[in-house]
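One structure below.
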Amino acid sequence: MAWRLAHACFARIIPVLLCVAALGCGGEKTYRISGKVTFKGQPVPSGKIYFIPDGSKGNSGASGYADIKDGQYDTAASGGRGAPPGPVKVVVQGIDPSSPPTKVNPKEDGEVKSKVLFAHYETTYEVPKSSSTKNIDVPAEAGKGPVAPKSGIIIP
C-alpha cells in the first residue's frame with residue numbers, strides 16, 4: 001500500500017517538475033543590433049563583428065555576432081546572433097576580399113587565413129533592451145597594427 005501511494009505521488013510530481021524545468025529554460029533575451037562599418041571613410045567590404053558582454057561591468061551571457069558585408073551588418077541576419085543588453089565590448093575584424101583565403105596547412109582541411117584590412121579594433125557599446133543601430137568608424141591607426149589577430153588566423 002505504501003509503495004502504491006509513493007508511486008502515485010511520484011507519477012504526479014515528475015510531470016509537474018519537468019514542466020517547470022522546461023519553462024525555466026527559455027534562455028537569455030538578446031537584442032538585434034545593425035549598422036554600418038567604415039574604415040578610412042570607406043565601407044568595410046567583408047569581416048566580422050562581435051558584441052562581447054563586459055564582465056568587468058557586471059554583464060554576462062553569450063556573445064552576439066554578425067558578418068560584415070559591403071559595410072553593413074545585422075545580428076538578425078543568417079549566421080548572426082543578437083546580444084544581451086548592457087555594456088559590451090565590440091570587436092571588429094576587417095577582411096580584404098580581393099585576396100583569396102589560403103589554407104594554413106594545404107595538406108589538411110580546416111583553417112584558412114585571409115588578408116586583413118585591420119586585424120582587431122575594439123570599442124564599447126551599451127546594448128539597450130530593444131533593437132538598435134550602432135555605426136562604427138574604424139580609425140586608420142587600426143590598420144597599422146599587426147596584420148593578424150593573436151592566433152594569426154581569421155576564419156571567414
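When V90, V127, V44 are arranged by Cβ crowding within 10 Å, least crowded first, meaning fewest neighbours, the order is V90, V127, V44.
3J(HN,Hα) along region 82-96, derived from phi through the Karplus expression 6.51 cos²θ - 1.76 cosθ + 1.60 where θ = phi - 60°, amounts to x, 10, x, x, x, x, 9, 8, 9, 10, 10, 10, x, 10, 8 Hz, with x in place of Gly and Pro.
If the only charges are +1 at each Lys and Arg Cβ and -1 at each Asp and Glu Cβ, what is the size of the charge dipole of region 28-144 around the Cα centre, to the nearest 20 debye? In debye, rounded to 20, region 28-144 gives about 80.
How big is the shadow of the Cα convex hull of region 28-144, averaged over all directions, in nm²? About 8.2 nm², averaged over all directions.
We did not get these values from a lab; they are worked out from the coordinates using the rules stated. Here the structure is a predicted model, which is why all the values come from computation and not from measurement. FYI the Cβ positions are ideal-geometry reconstructions off the backbone, even for glycines, and counts take in every protein chain you see.
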